[in-house]
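Below is one structure, written out as structure tokens, with a few remarks after it.
Here, each number is a calculation from the coordinates, and none is a lab measurement. The model shown is predicted, which means the values in this text are computed figures rather than measured ones. Note that we place each Cβ from the backbone using ideal geometry, even for glycine, and neighbour counts take in every protein chain shown.
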Amino acid sequence: MNNPYIVLPIILQLVAAVVLMFFWTKTKAQKVLSIIFSVAAVLVAAYLLVEVWHSGILITQSGNWKAPFGITFVADLLGVTLVLVSSIAALGVSIFSAGSMREERLKFGYYPVFHFLVMGLQGAFLTGDIFNLYVWFEVIIISSFVLMTLGGKKAQLEGAIKYVSLNLLASSLFLIGIGFLYGLTGTLNMADLSIKIKEIQNIGLVNVTGGLFLVAFGIKSAIFPMYFWLPASYHTPPPAVTAIFGGLLTKVGVYAMLRTFSLIFGGDEFMTVTISIIAALTILGGAFGAMSHRHMSKIFGYLIISHIGFMMVGISIFTEIALLGTIFYLIHDIIVKTNLFMVSGLVLKINGTQDIKDLGGLYKSYPLLSLLMAIPLFSLVGIPPLSGFWAKIFFVEGALEAGDYLLVISVILGSFLTLWIIGKVWTEVFWKKGENLPKQANGVYFDELPPIGKWSMVFPMLLLSFVSLYIGLGAKHVISLSQKIATELVDPSSYIQVVLQNQVP
Amino acid sequence: MELLLILIIGLLHAGGLYMLLRRSMFKMIIGLILLGNGVNLLIFLLGRLTKGHPPVIDGNAKIFSEIYADPLPQALILTAIVIGFGLQSFAIILIKRVYQVLGTDDLDELNSTDEEI
């Protein structure tokens, strides 16, 4: 069904970015406007989700060129759900930045670039064209480059070199893959590709193309042999930037894999086996990396990798139940990881360090705040009935059904190691007796902030904790949503039919 | 013509990868640029080369009556060139800044963010 309003989330972020540029040095106005625009974006996304839930997949053809000739925007349940979840996370980060970001960074256009980044994310979730997906990826990475280097500290620049070079390489590989696909099928529309790729005799070439996409998205989402840039760079920018990166950037890679492997490649045994081994190694590699570090943001950075591995489980098995787990985990992970990096940012603001050996006694000095921080920490582990728990049941169930015992073992071991790591962080940072840390000369501490500054850091954590509690306690709704998405992914015929309308032979 | 393009594409990819694996930051960027150009030519080649048939419909015909060159790969390459240009200029500014702050061009010395625990 045609509905031009589905591009509204993209346009809203674009307008936000452009309007904010007119307030380049007026940081107060930027903060207020950014929060207003982010609230509006959440409302628009919620409206779209309701609309898609009731009337099925919506599309709009740009310039009224019929698919597969023009660029199609498709709002199916997967895309719209991610638009909603990512705009909630972006709202949280927008408020958190207002309290934690330094004036100098705000004066160099932090907020406009932030909104460009979110625009790229929304575009990637809504597009139905593979080359357009590439363009949105480039919008995302150029904005993330700017956010990562803004401020120009030594560590930031060093991390940025690694991040920039690997992401540029991944983009080149993605582009090669697109070139191959176009050469093989002569189309770029993902629904059309899905039909035409099945008619190709040369399976080897299709698999090579699939491999190129796997590597390109793999670098972006930090899966097993290609994740080393993430722990080397994610802890260097300010906490608010890390929160949006950790929550959303790697997940776009997972989304792109879900999309391409459900529509274009997939069902191939070689790919299934490869991805399942990669998933197992990603889970364990990330968890072991997290065990060996003491810097809070680095620990959480490695945990991102480990949990990307969980999501790869569903992509590898590709049955409805395992995909249900992946979708559920994706929704849960975006909210919880964003919140988690805000926690580490708040700890940094309170104590001036993120080294868990030096930290301690937070529970004694800030009991209520610690209780709030406990929610994302233990949601991540998945202590029932918190949100991480439900998805893992589906992973184990899906892997057992498929007879893939390697994945069963690594999911269980991965969850156990996550519990161990979070337990370590909790005892070291919150329970251990704290020492008086020497105060650093520059930087404002949490105690010295005015009440509004304190609230602007605590409120987004309250908001996201509330959402993740809802995902855990109201799991019934999220599961029925994920169930519907998983069905659509396993059998994309309705997607194809809506996009191509009456042209299906 | 195809053979020549294939050779050039292979050369650009090989050169790009070789430069990427060097230790110097500056050579790494050159590698990325070479790779980007190789990819653009690859898309051009994979879109099939058709000589002397521009995709322009005759004044008195309604549709194409014979084969014509596919204009889409050129549009893709144009987009990719523009995007690549933006990203590469950012990367060049970045390495200049890194060189000013850290005073080294050697990638092996940029390991403090990896090593600290």
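Hey, B:Lys51 hits all of (1) more than 30 Å from B:Phe26 (Cβ to Cβ); (2) free of Cβ contacts under 8 Å to residues at least 40 places away in the same chain; (3) of a type in the set (D, E, K, R) but one; which does it fall short on?
Going through (1) more than 30 Å from B:Phe26 (Cβ to Cβ); (2) free of Cβ contacts under 8 Å to residues at least 40 places away in the same chain; (3) of a type in the set (D, E, K, R) one by one, B:Lys51 breaks only (2).
Of everything in the stretch B:26-47 that's over 13 Å from the mean Cα position of the chain (by Cα) and in contact (Cβ under 8 Å) with a residue 24 or more places away in the chain, which residue is surrounded by the most Cβ atoms within 10 Å (Cβ to Cβ)? Give the steps one after another, and end with the answer.
Of the residues in the stretch B:26-47, the ones over 13 Å from the mean Cα position of the chain (by Cα) are B:26-28, B:45-47.
Still in the list and also in contact (Cβ under 8 Å) with a residue 24 or more places away in the chain: B:26, B:28, B:45-47.
Working: B:Phe26: 14, B:Met28: 23, B:Leu45: 18, B:Leu46: 19, B:Gly47: 21.
Checking each candidate, the answer is B:Met28.
Helices (runs of 4 or more DSSP H) wholly in the stretch A:327-421 with at least 2 residues that are farther than 24 Å from A:Val313 by Cα - which ones?
Numbers: elements: A:362-365, A:367-381, A:388-402.
Hits in the stretch A:327-421: A:362-365, A:367-381.
Restricting attention to the stretch A:422-457, which residues are hydrophobic (A, V, I, L, M, F, W, C) and not in a helix (DSSP H, G or I)?
A:Leu437, A:Ala441, A:Val444, A:Leu449
Quick one: in the stretch A:294-317, of everything that is under 23 Å from A:Leu346 (Cα atoms) and among the hydroxyl-bearing types (Ser, Thr, Tyr), which residue is farthest from the chain's Cα centre (by Cα)?
Per the stated criteria, the residue is A:Ser297.
Would you mind finding the one in A:Ile142, A:Ile203, A:Ile195, A:Ile178 that is out of contact with any Gly (no Cβ under 8 Å at 6 or more places or on another chain) and within 12 Å of chain B (Cβ to nearest Cβ)?
Testing whether each residue is out of contact with any Gly (no Cβ under 8 Å at 6 or more places or on another chain) and within 12 Å of chain B (Cβ to nearest Cβ) leaves just A:Ile178.
Quick check, is A:Ala216 away from chain B (no Cβ under 14 Å) and assigned to a helix (DSSP H, G or I)? Lay out the reasoning, then the answer.
Numbers: away from chain B (no Cβ under 14 Å): no; assigned to a helix (DSSP H, G or I): yes.
Answer is no for this residue.
Among the residues of the stretch B:1-25, write down those that are surrounded by 13 or more Cβ atoms within 10 Å (Cβ to Cβ) and outside any helix (DSSP H, G or I).
B:Arg22, B:Ser24 - these are the residues of the stretch B:1-25 that are surrounded by 13 or more Cβ atoms within 10 Å (Cβ to Cβ) and outside any helix (DSSP H, G or I).
Please go through (1) out of contact with any Lys or Arg (no Cβ under 7 Å at 6 or more places or on another chain); (2) within 23 Å of A:Leu230 (Cα to Cα); (3) more than 10 Å from chain A (Cβ to nearest Cβ) for B:Gly84 and return the number of the only condition it doesn't satisfy.
(3)
What pairs can you find where one residue is in the stretch A:463-488 and closer than 14 Å to A:Trp53 by Cβ, the other is of a type in the set (S, T, N, Q), and their Cβ atoms are less than 7 Å apart, with a gap of 6+ or different chains?
A:Leu481/A:Thr81; A:Ile485/A:Thr81; A:Glu488/A:Ser494
Hey, among B:Asp70, B:Asp114, which residue is within 10 Å of chain A (Cβ to nearest Cβ) and assigned to a loop (DSSP other than H, G, I, E, B)?
Checking each option against the conditions leaves just B:Asp70.
Within the stretch A:349-391, how many residues are among the hydrophobic types (A, V, I, L, M, F, W, C) and either out of contact with any helix residue (DSSP H, G or I) (no Cβ under 6 Å at 6 or more places or on another chain) or under 12 Å from A:Val458 (Cβ atoms) (or both)?
Initial filter on the stretch A:349-391 (among the hydrophobic types (A, V, I, L, M, F, W, C)): A:350, A:356, A:359, A:362, A:368-369, A:371-375, A:377-378, A:380-381, A:383, A:386, A:389-391.
Narrowing further to those that are either out of contact with any helix residue (DSSP H, G or I) (no Cβ under 6 Å at 6 or more places or on another chain) or under 12 Å from A:Val458 (Cβ atoms) (or both): A:350, A:368-369, A:371-374, A:378, A:383, A:389.
Residues in the stretch A:349-391 being among the hydrophobic types (A, V, I, L, M, F, W, C) and either out of contact with any helix residue (DSSP H, G or I) (no Cβ under 6 Å at 6 or more places or on another chain) or under 12 Å from A:Val458 (Cβ atoms) (or both): 10 in total.
Helices (runs of 4 or more DSSP H) wholly in the stretch A:223-286 with at least 2 residues that are crowded, with 24+ Cβ neighbours inside 10 Å, within 14 Å of chain B (Cβ to nearest Cβ) and touching a Phe, Trp or Tyr at 6+ places or on another chain (Cβ under 9 Å) - which ones?
A:229-233
In this structure, does B:Ile93 turn out to be out of contact with any Gly (no Cβ under 8 Å at 6 or more places or on another chain), within 11 Å of another protein chain (Cβ to nearest Cβ) and assigned to a helix (DSSP H, G or I)?
So B:Ile93 passes the test.
Is it the case that A:Leu346 is hydrophobic (A, V, I, L, M, F, W, C), under 24 Å from A:Leu248 (Cα atoms) and crowded, with 20+ Cβ neighbours inside 10 Å?
yes
Which residues, taken from the stretch A:145-157, are facing chain B (nearest Cβ under 7 Å), part of a helix (DSSP H, G or I) and surrounded by fewer than 23 Cβ atoms within 10 Å (Cβ to Cβ)? It would help to see each step written out before you state the result.
Quick first cut of the stretch A:145-157, residues facing chain B (nearest Cβ under 7 Å) only: A:145, A:149, A:152, A:154-155, A:157.
Remaining after also requiring part of a helix (DSSP H, G or I): A:145, A:149, A:154-155, A:157.
Those that are facing chain B (nearest Cβ under 7 Å), part of a helix (DSSP H, G or I) and surrounded by fewer than 23 Cβ atoms within 10 Å (Cβ to Cβ): A:Phe145, A:Lys154, A:Ala155.
In the set A:Asn167, A:Asn189, which member is within 14 Å of chain B (Cβ to nearest Cβ), crowded, with 20+ Cβ neighbours inside 10 Å and within 24 Å of A:Tyr110 (Cβ to Cβ)?
The unique qualifying residue is A:Asn167.
Those residues that are over 25 Å from A:Leu91 (Cα atoms), hydroxyl-bearing (Ser, Thr, Tyr) and buried (at least 20 other Cβ atoms within 10 Å of the Cβ), I need them from the stretch A:447-505; list them, please.
Result: A:Tyr495, single match.
Show the residue pairs meeting these rules: Cβ distance below 6 Å; 6+ apart or different chains; first residue within the stretch B:56-82 and surrounded by 14 or more Cβ atoms within 10 Å (Cβ to Cβ); second residue of a type in the set (Gly, Ala, Ser).
Every condition considered, the pairs that remain are B:Asp70/B:Gly47; B:Pro73/B:Gly47.
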